[in-house]
1. What is the one condition in (1) within 16 Å of the ligand (Cβ to nearest atom); (2) under 18 Å from W203 (Cα atoms); (3) out of contact with any helix residue (DSSP H, G or I) (no Cβ under 7 Å at 6 or more places or on another chain) that Y57 does not satisfy?
2. Which residues, counting only those in the range 159-199, are of a type in the set (K, R) and part of a helix (DSSP H, G or I)?
3. Only one of (1) at pLDDT 95 or above; (2) more than 15 Å from the ligand (Cβ to nearest atom) fails for N287. Which number is that?
4. Could you pull out the residue among F145, F151, F157, F195 that is free of Cβ contacts under 8 Å to residues at least 40 places away in the same chain and either within 24 Å of E382 (Cα to Cα) or within 16 Å of the ligand (Cβ to nearest atom) (or both)?
5. Return the residues of the range 109-131 that are part of a loop (DSSP other than H, G, I, E, B), open to solvent by 40 Å² or more (accessible area, probe 1.4 Å) and in contact with a helix residue (DSSP H, G or I) (Cβ under 7 Å, 6 or more places away or on another chain); say none if nothing qualifies.
6. Looking only at residues that are touching a strand residue (DSSP E or B) at 6+ places or on another chain (Cβ under 9 Å) and not small (G, A, S) in the range 203-224, which one is surrounded by the fewest Cβ atoms within 10 Å (Cβ to Cβ)?
7. Scan the range 161-202 for residues that are farther than 12 Å from N219 by Cβ, over 15 Å from the mean Cα position of the chain (by Cα), open to solvent by 30 Å² or more (accessible area, probe 1.4 Å) and not small (G, A, S) and jot them down.
8. Would you check if G421 is open to solvent by less than 10 Å² (accessible area, probe 1.4 Å), closer than 15 Å to T9 by Cα and not aliphatic (A, V, I, L, M)?
Amino acid sequence: MTDSPSPQTDKYPTDFLWGAATAAHQVEGHTDNQWTDWERQVAPRSAVNAERRIGTYRQWPAIKDQAVDPANYISGALGDHYHRYNEDFDFLESMNMNAYRFSLEWSRIEPEEGEWDDEAVKHYGAYIDELRTRNIEPVMTLLHFTLPKWFAAKGGFESSANIPYFTRFSEKIVKALGEKVRYIITINEPEVYAFESYALGNWPPGKRNYYQWFRVLNNQLKAHNDVADAIHGLNAGHQVSIAKNSNYFYQDDGSKLSQLGVKVMRYLQDDYVLRKVVNTSDYLGINFYQTQRMKGLMIANPGEKVSDVEWEMEPELIEQALVRLYGLYQKPILITENGLADGDDDERQWWIHETVTAMNRAIEKGVDLRGYLHWSLLDNFEWAYGKWPRFGLVSMDYETGDRQLRPSARWFGSVIRRARGLK
Ligand code: BGC
């Protein structure tokens, strides 16, 4: 596998950010937030319903034992990244990476309303210093889905009156840690959070209320704008964005109806959100995982190649996605997440190869692409799916805490070495 040809990287600028991403609740272990309570509440039901929900997945025979075990749905200790981050940063270095995205766990920093844990702030300061020592550019996310319990109890982003709590937290952080970081993501995937938590009811608080769904989405977008303004007010040259999940919608057959379908879906998914945040953002953080083929007004994916969570795999279409987004918004783009669930590691190298080549083409076409952060550095807690999906460049044994670089990651490291012109 490692002998396969290297992807084309001749168009990448020398200061391109090559890295990986994680989020606090998914890797740190022993967090105590709104999700922690939710996990305890839903784990038994998730285990019982697993076969009904995902029993048709191609991976079912391989994952069944984990998926029907309630423990799968409890994040718990994970790989204790909170204390073992140095070991994990070694992997970034061994892959020749020069960037890393992580998130802060708000509930560690402000466990009770207005009560700040200075030790937690210091922890993240030391964490960032360690990255800097290794010449790795930190990309810091202020909020990646997990709310402190007290903020959730107030209704979280359901009420615009709660936005100032998030702004206050963000200001506190930027004052304490801002001089150590340049790239800041305010909120990860506000639209995914609003949809999963308030339309589908899959995530806490498990509501299905379309009115609240839109309110939560719009309040988060407002929160981004407020925080971005506050950060820019400090005039420290920070680069601020949200991280926007973007599926690439395209048409199957050229029919008028399919064209309309694509237009509507692109608007609902991307443009509704991006138009509201673009003016306060210095670049666009884009999480790219999936493609959606439209036949008329319906999604009609070929389904030939899917990942372990049954997401359509057409990684090469990142080129078209980038060209479209850059053409419309004319802002530099940072791929803040991209990757796949692949427990056997038999598709990851192919995926990265296709992606790196496609991004090379997009840069050639004029897209101002600043970096690529693979999701994820480590196997992690995959929200409602629990622990069985394996997104990591590094595998994690949750029993022993043992971590191992996957073969595809070793190969990716050699691609980065060449692309960066390192010895
Ligand atoms: C989220 C991550 C998640 C990944 C894979 C993204 O939508 O930001 O937290 O693990 O997708 O599902």
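The values are calculated or read from the model by the stated rules, or taken from the named source; none is laboratory data. Since the structure is predicted, the reported quantities are computational estimates derived from the model, not experimental observations. Here the Cβ positions follow ideal geometry from the backbone for every residue, glycine too, while neighbour counts run over all protein chains shown. With ligands, DNA and RNA removed, areas are computed over all heavy atoms of the protein, side chains included. Shrake-Rupley method; radii C 1.70, N 1.55, O 1.52, S 1.80 Å.
1. All conditions pass for Y57, except number (2).
2. Here is the first cut: in the range 159-199, the ones of a type in the set (K, R) are 168, 172, 175, 180, 182.
Hits for the range 159-199 are R168, K172, K175, K180.
3. (2)
4. F195
5. E113, W116, D117
6. Within the range 203-224, the subset touching a strand residue (DSSP E or B) at 6+ places or on another chain (Cβ under 9 Å) is 220-221, 223-224.
Among the residues that remain, those that are also not small (G, A, S) are: 220-221, 224.
On the way: Q220: 26, L221: 24, H224: 27.
In this case the residue turns out to be L221.
7. Passing the criteria: R168, E171, K172, K175, E179, K180, R182, F195, L200, N202.
8. Values: open to solvent by less than 10 Å² (accessible area, probe 1.4 Å): no; closer than 15 Å to T9 by Cα: yes; not aliphatic (A, V, I, L, M): yes.
No.
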